[in-house]
Amino acid sequence: MSTITDELQKRILVLDGAMGTMLQQYNFQEEDFRGERFKDYPSPLQGNNDLLSLTQSEAIAEIHAKYFEAGADIVETNTFSGTTIAMADYDMEDLVYELNYESAKIAKQVADKFTKENPEKPRFVAGSIGPTNKTASLSPDVNRPEYRAITFNELRIAYKQQVEALIDGGVDMLLVETIFDTLNAKAALFAIEEVKEERHIDIPIMVSGTITDASGRTLSGQTVEAFLTSISHIPLLSVGFNCALGAQQLKPYLQRLSNETEFFTSAHPNAGLPNAFGEYEETPKQMQQYIEDYLKDGLINIIGGCCGTSPDHIKAIAEAAKNYEPRKIVISA
């Protein structure tokens, strides 16, 4: 079977859109999050989207299928908050392995079904590794700039558990995404390298940072070039940006990234910027036009959507992507 690297050399690959945006349409309430298994759980569980892989697995599979039907080549597992650090909010640290393993299995089963139906277009699963809700580089307390809520080692241990479960569940690659603090990402990458070494395996790694505003920097203060330098010691499949900005606002940073890296490049921007109610209003057609600018300029190898995007957005993006050649990687001597 064709590998992800083989496919990337042939064409631009399409990543899925937002999981959270799709889950909102189901309007799940507290009892839906709990299901039968957690009906007497002592903590409130509504909002724990990762838990839905256990209590509403059919809905998660349905969302993955909708994205594949829309033209996605890669879907992300429903594991954005799948670490003991993030799950502490719900007192569910003990469930982390199961959440990641089951999420990976659900996505892989759907991907295999679509690949079987159309072997010419293999489908892949990326294990989603979010940034956690703690930061290793910055203090959460303005009066104590030296204070840190988490250590590198605590992050490494948490990420390692998530990575092992995602691999056991059958993901094709790992996606360290929405990086606002590169030190957190470095802990994740360190954990991945540990697992690869211990298991004598090689698994492709995607890295996706977040430029938080028009300053062109990550939350922890890095420019595009500094971010790239910080992570390029690891052999990556791709490097890119997602979240925070819409496709139009993201373009200049993607341009700089594309000029500087020998890795494949990725982007999954939001559907524009949020309005006063936190909603994303950019239509599939509008987003398609902005992304077409990336494609015309040869900036991209993997393209998808983040907050506010739906299968309709991904369909419009996929329709545009098939008309363009992927970004060519120039290996310097």
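Worth pointing out:
- Restricted to region 111-148, and to residues there that are hydrophobic (A, V, I, L, M, F, W, C) and over 18 Å from the mean Cα position of the chain (by Cα), the residue that is surrounded by the fewest Cβ atoms within 10 Å (Cβ to Cβ) is Val142.
Residue-by-condition table, conditions (1) surrounded by fewer than 22 Cβ atoms within 10 Å (Cβ to Cβ); (2) over 21 Å from Pro204 (Cα atoms); (3) of a type in the set (S, T, N, Q):
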{"residue": "Tyr253", "(1), (2), (3)": "yes, yes, no"}
{"residue": "Leu257", "(1), (2), (3)": "no, no, no"}
{"residue": "Asn270", "(1), (2), (3)": "no, yes, yes"}
{"residue": "Gln288", "(1), (2), (3)": "yes, yes, yes"}
{"residue": "Lys296", "(1), (2), (3)": "yes, yes, no"}
{"residue": "Thr309", "(1), (2), (3)": "no, yes, yes"}
{"residue": "Asp312", "(1), (2), (3)": "yes, yes, no"}
{"residue": "Lys328", "(1), (2), (3)": "yes, no, no"}
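- Number of the exception - Ala187 against (1) in a loop (DSSP other than H, G, I, E, B); (2) under 17 Å from the mean Cα position of the chain (by Cα); (3) over 28 Å from Ala271 (Cα atoms): (1)
- For Gln255, the criteria (1) over 14 Å from Ala316 (Cα atoms); (2) free of Cβ contacts under 8 Å to residues at least 60 places away in the same chain; (3) in contact with a strand residue (DSSP E or B) (Cβ under 9 Å, 6 or more places away or on another chain); (4) assigned to a helix (DSSP H, G or I) hold in every case but one, which is (3).
- The residue that is nearest to Ser128 (Cα to Cα), among those in region 215-248 that are assigned to a strand (DSSP E or B), of a type in the set (Gly, Ala, Ser) and modelled with pLDDT under 95, is Ala244.
- Within region 291-314, residues that are assigned to a loop (DSSP other than H, G, I, E, B) sit with their Cβ atoms under 7 Å from residues that are aromatic (Phe, Trp, Tyr), at 6+ positions apart or across chains, in these pairs: Ile300/Tyr294; Asn301/Phe264; Cys307/Tyr280; Gly308/Tyr280.
- Residue match in region 30-48 (condition: touching a helix residue (DSSP H, G or I) at 6+ places or on another chain (Cβ under 7 Å), small (Gly, Ala, Ser) and not in a loop (DSSP other than H, G, I, E, B)): no
The values are calculated or read from the model by the stated rules, or taken from the named source; none is laboratory data. All values derive from a computational prediction rather than experimental measurement. Neighbour counts run over all protein chains shown; Cβ positions are idealised from the backbone, glycine included.
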